[in-house]
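Input: a single structure, listed below in structure tokens.
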Amino acid sequence: MIQKLGKKFTDIFQKNMPDAFVFALILTLITGLLALAWAEVTPFKVLESWYDGFWMLLEFGMQMVLLVITGYSIALSPLVKKGIDILARKIKSPNQVYALVVFVGSLLCMVSWGWVVITAVLGRELALRIKGINYPFLIACVYFSNVGWVTGLSSSIPLLLNTKGNFIIEAGILESTIPTTQTLGAGLNIAVLVSFVLIAPFLMRFLLPKTGTIQTLESMSDPETQQNSVSIHEEARLLTLPYKAASDLMNNSGLLQYLIALLGILYLGSYFIDKGFDLNLNIMIFLFLMLGLWLHKTPMRYVIAMKRASGNVSGILFQFPFYAGIMGIMIYTGLGEKLAYGLASFATLDSIPFFSFLTGGVVNFAIPSAGGEFAVIGPTIIKAVQEISVGLPPEEQTALIARAAMSIAYGESLTNLMQPFFLLLIIPIMAVGIKIQARDIMGYLVIPFFVLFVLQAALVSWWPL
């Protein structure tokens, strides 16, 4: 029954869900109309807010592009390919691949949400080696595996609350930081983390379609758009001149590249010694860059690998500004704050975590960034908690604020299953050489969304404070 229901949702999404870019355009119009009706601003203010927001994700967008291509280029190295070959020989069936990808992905995202690119690389490489894998379903497994990132080390909201002089403190809303022992280390977060890691692989296993034609990577591949089968090493050799030249000597010498990679590794060692295991997007990209230089050995091989890795990132480049425009409308018209106030006004001492969870999920459709979303609705939610919890001991009030903040994070992450923004991070890796859209994938995620919604709503509402 579950499989049939999953197939039904998949069919509905394939028939009715437009391309991710069209989704962004429709969401832009809806957000603009809501701002006009609810935030009580002029049409020009909406347009001005849209334009001002357009440029908010330029840095983030470039980080996403670099994260994708540097991570993918590592997978193209001979050493990593050999390692995946060894792993593939130990896996006997597609079912094992689905379970492995979800389980490994759920662990990787605890370190950093950006490591979903590693999961995507693993999934694609296994699909190239093991027959009979339902490829759209595998992509859904990769995307689903990253939902639990907000419980891990790169969760931006708890890290922000533990940062001295953060904007919440500067605004006078909080007097001091909230340590991660009360957010990431709280019993609630551990329960959410463990439940996801244990449930996720089995949940996707039950949704695996058993009937109908299976779309494998091989059957979906277009011979005209497939990458050149020539190895990177061979392509680098073919680019050399037929006679000895200083340019070829520099292009294909490992000395210069190893020297730069060594300097980068020395910096990374110093960084981690000084700051501990403090991962952010910039340090991850730098790590991927240095590792890629080391694995590909020569400048020319690395250039070829990066060229192959960057052939499918157009979706990130032109769609991120439109999502940033939606963010601009939410922020500069006051619509996001209005929405947070509206939902929080229904809350009580017992229900404020649930309404925070719900608010985080709803606003995520318009602001698909945990940090950006919290900047818009976080202050309102914290003020609501403070008003509701007047009379509680300070330590209980702080614990309730921490729970509301984490509830926002859980809601924000969960509704990524219903909107394709971060799918733009996976598609460039997994859709190389094939034609596939978000509508072919998102239907598989409907039932997981509802299951996790019920589970997480119950946990944030009733787990002991």
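The values are calculated or read from the model by the stated rules, or taken from the named source; none is laboratory data. All values derive from a computational prediction rather than experimental measurement. Note: ideal-geometry Cβ built from the backbone for every residue, glycine included; neighbour counts use all protein chains shown. Only protein heavy atoms, including side chains, enter the accessible area calculation; ligands, DNA and RNA are left aside. Shrake-Rupley method; radii C 1.70, N 1.55, O 1.52, S 1.80 Å.
Would you say Leu128 is of a type outside the set (Phe, Trp, Tyr) and over 21 Å from Met418 (Cα atoms)? Here the answer is yes, as Leu128 does meet what is asked.
Out of all the residues in region 401-460, which are aliphatic (A, V, I, L, M), free of Cβ contacts under 8 Å to residues at least 60 places away in the same chain and open to solvent by 10 Å² or more (accessible area, probe 1.4 Å)? Of everything in region 401-460, those that are aliphatic (A, V, I, L, M), free of Cβ contacts under 8 Å to residues at least 60 places away in the same chain and open to solvent by 10 Å² or more (accessible area, probe 1.4 Å) turn out to be Met418, Val454, Ala458.
State yes or no: is Leu317 hydrophobic (A, V, I, L, M, F, W, C) and under 30 Å from Tyr72 (Cβ atoms)?
Working: hydrophobic (A, V, I, L, M, F, W, C): yes; under 30 Å from Tyr72 (Cβ atoms): yes.
Yes: the conditions hold for Leu317.
Give the number of residues within region 20-40 that are free of Cβ contacts under 8 Å to residues at least 24 places away in the same chain and of a type in the set (A, V, I, L, M). Before you say what the answer is, go through the steps one by one.
Our first condition is that a residue be free of Cβ contacts under 8 Å to residues at least 24 places away in the same chain; within region 20-40, this holds for 22, 26, 29-30, 33, 36-37, 40.
Keeping just the survivors that are of a type in the set (A, V, I, L, M) gives 22, 26, 29-30, 33, 36-37.
Looking only at that region, the number is 7.
Out of all the residues in region 329-356, which are assigned to a helix (DSSP H, G or I), modelled with pLDDT under 90 and touching a helix residue (DSSP H, G or I) at 6+ places or on another chain (Cβ under 7 Å)? Walk me through it before giving the result.
Taking region 329-356 and keeping what is assigned to a helix (DSSP H, G or I), we get 329-332, 335-344, 352-356.
Now restrict to residues that are modelled with pLDDT under 90: 330-331, 335-344.
Residues satisfying the conditions are Met330, Ile331, Leu335, Gly336, Glu337, Lys338, Leu339, Ala340, Tyr341, Leu343, Ala344.
Among the residues examined, Phe272 qualifies as surrounded by 11 or more Cβ atoms within 10 Å (Cβ to Cβ) and within 30 Å of Trp113 (Cβ to Cβ).
State yes or no: is Val432 among the β-branched types (Val, Ile, Thr) and modelled with pLDDT under 85?
Taking the combined requirement at face value, the residue satisfies it.
When the residues of region 174-222 are filtered to those that are assigned to a loop (DSSP other than H, G, I, E, B) and free of Cβ contacts under 8 Å to residues at least 12 places away in the same chain, which remaining residue is least open to solvent (accessible area, probe 1.4 Å)? Give the steps one after another, and end with the answer.
So in region 174-222, the residues assigned to a loop (DSSP other than H, G, I, E, B) come out as 174-179, 183-186, 208-216, 222.
Keeping just the survivors that are free of Cβ contacts under 8 Å to residues at least 12 places away in the same chain gives 175-176, 185, 213.
Details: Glu175: 182, Ser176: 71, Gly185: 43, Thr213: 134 Å².
Among those that are assigned to a loop (DSSP other than H, G, I, E, B) and free of Cβ contacts under 8 Å to residues at least 12 places away in the same chain, it is Gly185.
Cβ-Cβ distances below 8 Å connect the following pairs, each with a first residue in region 365-387 that is under 23 Å from Asn280 (Cβ atoms) and touching a residue at least 12 places away in the same chain (Cβ under 8 Å), a second residue that is part of a helix (DSSP H, G or I) and of a type in the set (Ser, Thr, Tyr), and a separation of six or more residues or different chains: Pro368/Tyr323; Ala370/Ser156; Ala370/Ser413; Gly371/Ser156; Phe374/Ser156; Ile377/Thr359.
Counting just the residues of region 283-335 that are of a type in the set (Lys, Arg) and within 20 Å of Gly433 (Cα to Cα), which one comes out most open to solvent (accessible area, probe 1.4 Å)?
Here is the first cut: in region 283-335, the ones of a type in the set (Lys, Arg) are 297, 301, 307-308.
From what is left, the residues that are within 20 Å of Gly433 (Cα to Cα) are 307-308.
Details: Lys307: 151, Arg308: 42 Å².
Selected residue: Lys307.
Inside region 152-173, can you point out the residues that are open to solvent by less than 10 Å² (accessible area, probe 1.4 Å) and in a helix (DSSP H, G or I)? Correct list: Ile157, Pro158, Leu161, Ile168. Among the residues of region 229-273, the ones that are farther than 14 Å from Leu295 by Cα and in a helix (DSSP H, G or I) come to 20 in all.
Can you tell which of Ile382, Ile367, Ile447, Ile426 is out of contact with any Ser or Thr (no Cβ under 9 Å at 6 or more places or on another chain) and under 30 Å from Ala309 (Cβ atoms)? Steps first, answer last, please.
Numbers: Ile382 fails: under 30 Å from Ala309 (Cβ atoms); Ile447 fails: under 30 Å from Ala309 (Cβ atoms); Ile426 fails: out of contact with any Ser or Thr (no Cβ under 9 Å at 6 or more places or on another chain).
After applying the criteria, what remains is Ile367.
Under 6 Å between Cβ atoms, which residue pairs at least 6 apart in sequence (or on different chains) link something in region 46-73 that is under 15 Å from Arg308 (Cβ atoms) with a partner that is open to solvent by 10 Å² or more (accessible area, probe 1.4 Å) and polar (S, T, N, Q)? Cβ pairs passing all conditions: Ile69/Ser310. Here is a check on your reading of the model: is Leu291 within 30 Å of Ser155 (Cβ to Cβ) and either out of contact with any His (no Cβ under 7 Å at 6 or more places or on another chain) or assigned to a helix (DSSP H, G or I) (or both)? Taking the combined requirement at face value, the residue satisfies it.
Does Ile12 satisfy the condition of being free of Cβ contacts under 8 Å to residues at least 40 places away in the same chain and either exposed (fewer than 13 other Cβ atoms within 10 Å of the Cβ) or within 28 Å of Val446 (Cα to Cα) (or both)? It is false that Ile12 is free of Cβ contacts under 8 Å to residues at least 40 places away in the same chain and either exposed (fewer than 13 other Cβ atoms within 10 Å of the Cβ) or within 28 Å of Val446 (Cα to Cα) (or both). Checked against (1) open to solvent by 10 Å² or more (accessible area, probe 1.4 Å); (2) under 16 Å from Arg403 (Cβ atoms), Ala375 meets all criteria but (2). Listed conditions (1) open to solvent by 20 Å² or more (accessible area, probe 1.4 Å); (2) closer than 28 Å to Ile157 by Cβ are all met by Asn95, apart from (2).
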